[in-house]
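Here the structure is laid out as structure tokens; the discussion comes afterwards.
Here, each number is a calculation from the coordinates, and none is a lab measurement. Note that the coordinates shown come from a computational prediction; the quantities given were computed from them, not determined experimentally. Cβ placement follows ideal geometry from the backbone for every residue including glycine, while neighbour counts extend to all protein chains displayed.
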Amino acid sequence: MRVGKILLALLAVTAALAIGGYRYWESRLVVPINISEPTLYEVPAGAGFHQVVLDLASRGILEDPWAFRLLTRLDPSSVPSLKVGEYRLEPGMTGREALALLGSDQVVTYPLTIPEGWTFAEMRARLNEAEKLVHETQGMSDAEIMAALDREGEHPEGWFFPDTYRYHKGVTDMEILRQAHERMEAILDEVWEGRDKDRQLPIDSPYEALIMASLIERETGASQERRAIAGVFARRMERGMRLQTDPTVIYGMGEDYAGNITRADLREATPYNTYVIDGLPPTPIAMPGRAALEAAVDPAPGNTLYFVAKGDGTHHFSRTLREHNAAVRRYILNR
């Protein structure tokens, strides 16, 4: 009888110790991590759960790595499958929450902004500056990039939609280019299909709309002027007048452009100089946004044929050459 009581007592003590030990182990899993401010942590390729736990412990971020190693034995179904990438650990997170984050899709992302009106060369320079991107295209020519995008032989200018793209470490610059190219194709198709098909336009294809939109984008940053600029261009083309838009001169000059245009530059014969060539230039001269694309297929009606920059970001529109010359004297020559 006495032996039985002793055994029962030992079993009770053992159970109490087991329950106490289990509860202590569980409590160590939810100890807050040791950081005082948001901290980036990167799960490297090929790293396993135990390796990451030990690494976090070695950095002083995670306490009691033994508790998490024991987790793989006692409750393996709750052990997250860690994913490669950068994560932002926040103060107050428990160790278990931190490791769950490392197995989630909540990787740190970075913005990459391509402004409307930029050229493809400027976009490439911005991609090269993005430190977290994998730079696959460095050393590639524009033609090689277009071939990699299954657009062999196409000129790249204008074919990438200007926007803010988000990416995480390990994404390649080619992936950003592909995303921007696909967006431009989709938006251009949507805008072209949405035009008033009963309205006569001086442009005959989506690509001509893209070219026209690039001229509009480079001529004005004032949203209320885009359709008016498009209207001037449309009427000039309908009357057989040259477009005579300075941004095409600048684009045709390439690296020779030093910040100003001379009379000799206006007379210089390049494929893009619309003071010399008839109609549209052969390709876009920049990356237009959606508003410029919409203006290209919906030019404002009216009778203006000229415009000149007023110096405040907007333009003065004129119906006659005489009125235009007076505006040039007022806004440019006097200034």
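At a glance:
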| item | result |
| --- | --- |
| Ranking of I33, I229, I61 by count of other Cβ atoms within 10 Å, fewest first | I61, I33, I229 |
| W118, W66 arranged by Cβ crowding within 10 Å, fewest neighbours leading | W66, W118 |
| Distant-in-sequence amide H partners of S318 (H built 1.01 Å from N, under 5 Å) | L305, Y306, F307 |
| Candidate aspartates and glutamates for bridging to K197, where Cα separation is under 19 Å - those fewer than 8 sequence places away on the same chain excluded | D189, E208, E238, E294, D298 |
| Extension gain, E255 back to L74 (0.36 nm per residue minus Cα-Cα distance, nm) | 58.5 nm |
| Percent RCO, i.e. relative contact order, over the chain, from Cα pairs under 8 Å lying at least 6 residues apart | 14 |
| The range 174-322 - percent relative contact order, Cα under 8 Å, separation 6 or more | 31 |
| Exposure proxy order (Cβ contacts within 10 Å, fewest to most) of K169, K197 | K197, K169 |
| For the chain, diffusion coefficient by Stokes-Einstein and Kirkwood Rh (Cα), 10 °C, 1.306 mPa s, µm²/s | 64 |
| Relative compactness, the range 25-101, computed as alpha-carbon Rg over 2.2 N^0.38 Å | 1.00 |
| Global form of the range 53-149, assessed from the alpha-carbon gyration tensor, a/c cut-off 1.5 | prolate |
| For the range 237-318, projected area of the alpha-carbon convex hull averaged over all directions, nm² | 6.4 |
| Mean Cα-pair separation over length for the range 70-145, i.e. relative contact order, pairs under 8 Å, 6 or more apart, % | 22 |
| For the range 109-189, convex hull of alpha carbons as volume per residue, Å³ | 84 |
| Kirkwood hydrodynamic radius (C-alpha pairs) into Stokes-Einstein, the range 270-334, 25 °C and 0.890 mPa s, D in µm²/s | 174 |
| Between helix 65-74 and the chain: long-axis angle, C-alpha atoms, 0 to 90°, nearest 10 | 80 |
